[in-house]
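Each remark here refers to the structure printed beneath this line.
The values are calculated or read from the model by the stated rules, or taken from the named source; none is laboratory data. Here the structure is a predicted model, which is why all the values come from computation and not from measurement. Please note: Cβ atoms are built from the backbone with ideal geometry, for glycine as well, and neighbour counts cover all protein chains shown. When the accessible area is computed, the model is the full protein with side chains, heavy atoms only, and any ligands, DNA or RNA have been set aside. Shrake-Rupley method; radii C 1.70, N 1.55, O 1.52, S 1.80 Å.
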Amino acid sequence: MKLEARSGGWSGGPVVADVPAVAVLEVSGAVLEWTVDDPAGAAAARMTVTDVAAADWLWRVVGPTGHAALVSGADVAEVDVRAEALEPLRRLAVGYWLRRWWPESSRDGIVRLDPSLLDGELALLVSAAQEFFTEDTLDSDVEGLLAPHRVALRALEDGGDPRVLDVVRACVDLADDAGVWPADLPVAPRDAVTGRREDYALAAGADGDRRRGAIATGVASVDWVAVPPRTFDAAEDTVEWSVDATDGSVVAAVRVAVLDGASAGGIAVRLRAGAVGAAGVLDATGAAALPLVDDGGDAITELRAWDHGWSTATVTVGPDRPGTAEAAALRRRVREFARARLARPGSDAFLAEILAAESDY
């Protein structure tokens, strides 16, 4: 790998995909990136070293000679990357990717991953890789991974799966050692456990009678990058909208498919069609009724709504971002990657993935 000096650091390696098809890991003094579906695996890492002194683990990855070349401060350094040293870091990066970008979807048949089990597995991996986290980073927070899941992790013991029991017991010991919560803390009642869900609240299923009388209707897709994770169904065309006249006013009714147990409350939503638009926020179920106004701020009458051209209407969920065909293609690519991991869990699969693949979905 050729590493070039840039802005006081080093950068090199292959070009990686854009989000959401890139797995990223922040370690002490560096950021590592991989394209998630690159068959080259760990060897296809892109490395950005921001602080050579803090990255005292570098010799493990590039060898003593490569490390010395980087410390010397030359403009360009040719180093031999040890893919086997990067493999546990890539697996950790993929785990964080699963946590943020896993495309859970009832419509596309992509089963959810148990968040408490996945976070527990990540905490154990972070603990095992402490030599790469001599300084605090966003991805080294064992307490943050374990703290929200005390009840859910202990409840997983009820299933009796020995693979799960091994993970849970290791997490309990780690949480005790890290002072997150004591190992002998009583387990809350089973009905207090949250986060496990088998069904979906498909808020996009609109009332058929109402839609038959709508002035205009359409569908749109959610930009994953613009919304919180684990909130919306990851399929395409999960946003349904209609323009309706009710009691003398004209509103845009928007419904977005929300995953069961999640809340879309407060997430911005906008509809735009030429000089007419509407803006507001979704409620917890992913629905919103937005008054339509023109660019002058005047409410749209029913007659004007019937005469308006709605074929160019767009609906945006979350902050404004340029919508492109490339973004939709990346989402499709991620869903294909997820299906492949479920169909044939590899050696780097997390137990949360294996159990999802085994489940009767």
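Quick rundown of the values:
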quantity: Test: residue in region 268-279 that is of a type outside the set (Val, Ile, Thr) and without any contact (Cβ under 8 Å) to a residue 12 or more places away in the chain; calculated: yes
quantity: Number of positions in region 87-127 that are among the small types (Gly, Ala, Ser) and under 17 Å from Glu26 (Cβ atoms); calculated: 4
quantity: Residue within region 245-261 that is touching a Leu at 6+ places or on another chain (Cβ under 7 Å), under 26 Å from Thr301 (Cβ atoms), open to solvent by 10 Å² or more (accessible area, probe 1.4 Å) and at pLDDT 95 or above present; calculated: yes
quantity: Residue count for region 90-141, restricted to those that are hydroxyl-bearing (Ser, Thr, Tyr) and within 14 Å of the chain's Cα centre (by Cα); calculated: 2
quantity: Unmet requirement for Leu145, which otherwise passes all of (1) within 23 Å of the chain's Cα centre (by Cα); (2) aliphatic (A, V, I, L, M); (3) at pLDDT below 95; calculated: (3)
quantity: Test: residue in region 51-62 that is within 26 Å of the chain's Cα centre (by Cα), at pLDDT below 90 and under 30 Å from Pro345 (Cα atoms); calculated: no
quantity: Unmet requirement for Arg331, which otherwise passes all of (1) open to solvent by less than 30 Å² (accessible area, probe 1.4 Å); (2) touching a strand residue (DSSP E or B) at 6+ places or on another chain (Cβ under 9 Å); (3) of a type in the set (D, E, K, R); calculated: (2)
quantity: Region 119-136, residues that are part of a loop (DSSP other than H, G, I, E, B) and either out of contact with any Gly (no Cβ under 8 Å at 6 or more places or on another chain) or without any contact (Cβ under 8 Å) to a residue 12 or more places away in the chain (or both); calculated: Ala129, Phe133, Thr134, Asp136
quantity: Selection from region 334-355 of residues that are closer than 15 Å to Leu122 by Cβ, among the small types (Gly, Ala, Ser) and either open to solvent by 30 Å² or more (accessible area, probe 1.4 Å) or in contact (Cβ under 8 Å) with a residue 24 or more places away in the chain (or both); calculated: Ala352
quantity: Neighbours by Cβ (under 6 Å, 6+ apart or cross-chain): first from region 301-319, in contact (Cβ under 8 Å) with a residue 12 or more places away in the chain; second open to solvent by less than 80 Å² (accessible area, probe 1.4 Å) and of a type in the set (Phe, Trp, Tyr); calculated: Val315/Trp241
quantity: Scan of region 38-87 for residues that are under 15 Å from Ala129 (Cβ atoms) and either without any contact (Cβ under 8 Å) to a residue 12 or more places away in the chain or β-branched (Val, Ile, Thr) (or both), ordered by number; calculated: Val61
quantity: All positions within region 214-238 that are part of a strand (DSSP E or B) and surrounded by fewer than 23 Cβ atoms within 10 Å (Cβ to Cβ); calculated: Ala216, Thr217, Gly218, Val219, Ala220
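Here's the yes/no breakdown for (1) of a type in the set (Ser, Thr, Tyr); (2) at pLDDT below 55; (3) within 23 Å of Pro103 (Cβ to Cβ):
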| residue | (1), (2), (3) |
| --- | --- |
| Pro162 | no, no, no |
| Val167 | no, no, no |
| Leu174 | no, no, no |
| Val187 | no, yes, no |
| Ala203 | no, yes, yes |
| Pro228 | no, no, yes |
